[in-house]
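Peer 1: Pasting in a structure now, in structure tokens, and then I'll have a few things to ask.
The values are calculated or read from the model by the stated rules, or taken from the named source; none is laboratory data. Keep in mind the model is a prediction, meaning the values are calculated, not measured. Cβ placement follows ideal geometry from the backbone for every residue including glycine, while neighbour counts extend to all protein chains displayed.
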Amino acid sequence: MTGIDILARRHLDGEDHGAPAIHTPVPSMHIAVVTCMDARIKVFDVFGLKHGEVHILRNAGGVATDDVIRSLAISQRKLQTREVVIMQHTQCGLSLITEDEFKDELEADTGLRPPWAVEAFREVKDSVKQSVERVRRSPFVPHTDNVRGFVYDVNTAELTEVL
């Protein structure tokens, strides 16, 4: 049995019954949360979320990449979000690699160097600040008055705002 088979079985045996009472893709709190794909981060638990309250965008590092900006533009322009949370975390895998080393590895394995940025970083607070600024400066994201950044500590669950 594969991992995907296990997940599909868990779904059948689980408690997910969809969201029949939520009739719109518009999140009720009008917030989009950008965070890392790290499996240790339980976004619903971190913020005490209920279904339908926020959009959650996840990628490696929780970085405001072009694709995140694309999703935020759709979220704000078509689905009424007005606030953005950028939440990155301690002990992130992107802090353990470097841009050039990873691209060199990919190029050695495939013969192609990726055109996209890895977005590796050493200091998580600096990465949060950079992502917040990218969102604030994007011409495609119209509501940038309330874009805030945070660092989540995966060991203590402490959430610290980055100013």
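Peer 1: Mind checking which pairs have a first residue in segment 28-56 that is surrounded by fewer than 16 Cβ atoms within 10 Å (Cβ to Cβ) and a second that is assigned to a helix (DSSP H, G or I), Cβ under 7 Å, 6 or more apart or different chains?
Peer 2: Final answer for the pair search is M37/A60.
Peer 1: Additional query: Test Q88 against the stated conditions and say whether it is modelled with pLDDT of 95 or more and in a helix (DSSP H, G or I).
Peer 2: Values: modelled with pLDDT of 95 or more: yes; in a helix (DSSP H, G or I): no.
Answer is no for this residue.
Peer 1: I'd like to check something: does segment 104-119 contain any residue that is surrounded by fewer than 18 Cβ atoms within 10 Å (Cβ to Cβ), at positive phi, in a loop (DSSP other than H, G, I, E, B) and not charged (D, E, K, R)? Break it down into steps so the answer makes sense when it comes.
Peer 2: Residues of segment 104-119 surrounded by fewer than 18 Cβ atoms within 10 Å (Cβ to Cβ): 104-117, 119.
Subsequent filtering for residues that are at positive phi retains 111, 119.
Adding the requirement that they be in a loop (DSSP other than H, G, I, E, B) leaves 111, 119.
Applying the additional criterion that residues be not charged (D, E, K, R) yields 111.
Taking every residue of segment 104-119 in turn, at least one turns out to be surrounded by fewer than 18 Cβ atoms within 10 Å (Cβ to Cβ), at positive phi, in a loop (DSSP other than H, G, I, E, B) and not charged (D, E, K, R).
Peer 1: Then there's this: Is there a residue being within 23 Å of the chain's Cα centre (by Cα), more than 24 Å from R70 (Cβ to Cβ) and outside any loop (DSSP other than H, G, I, E, B) anywhere in segment 6-21?
Peer 2: Yes: one or more hits.
Peer 1: For S71, all conditions in the list (1) polar (S, T, N, Q); (2) at pLDDT below 95; (3) part of a helix (DSSP H, G or I) hold save one; what is the number of the exception?
Peer 2: Of (1) polar (S, T, N, Q); (2) at pLDDT below 95; (3) part of a helix (DSSP H, G or I), only one is false for S71: (2).
Peer 1: Turning to a different aspect of this structure: Does segment 67-89 include one or more residues that are more than 14 Å from the chain's Cα centre (by Cα) and under 19 Å from A39 (Cα atoms)?
Peer 2: Taking every residue of segment 67-89 in turn, none turns out to be more than 14 Å from the chain's Cα centre (by Cα) and under 19 Å from A39 (Cα atoms).
Peer 1: Here's another thing I want to ask about it. Can you name every residue in segment 122-151 that is in a loop (DSSP other than H, G, I, E, B) and surrounded by fewer than 21 Cβ atoms within 10 Å (Cβ to Cβ)? Break it down into steps so the answer makes sense when it comes.
Peer 2: Taking segment 122-151 first, the residues in a loop (DSSP other than H, G, I, E, B) are 122-123, 138-146.
Selection gives R122, E123, S138, P139, F140, P142, H143, T144, D145, N146.
Peer 1: Out of curiosity, is I97 of a type in the set (V, I, T), outside any loop (DSSP other than H, G, I, E, B), free of Cβ contacts under 8 Å to residues at least 40 places away in the same chain and at negative phi? Give the derivation first.
Peer 2: Values: of a type in the set (V, I, T): yes; outside any loop (DSSP other than H, G, I, E, B): no; free of Cβ contacts under 8 Å to residues at least 40 places away in the same chain: yes; at negative phi: yes.
It is false that I97 is of a type in the set (V, I, T), outside any loop (DSSP other than H, G, I, E, B), free of Cβ contacts under 8 Å to residues at least 40 places away in the same chain and at negative phi.
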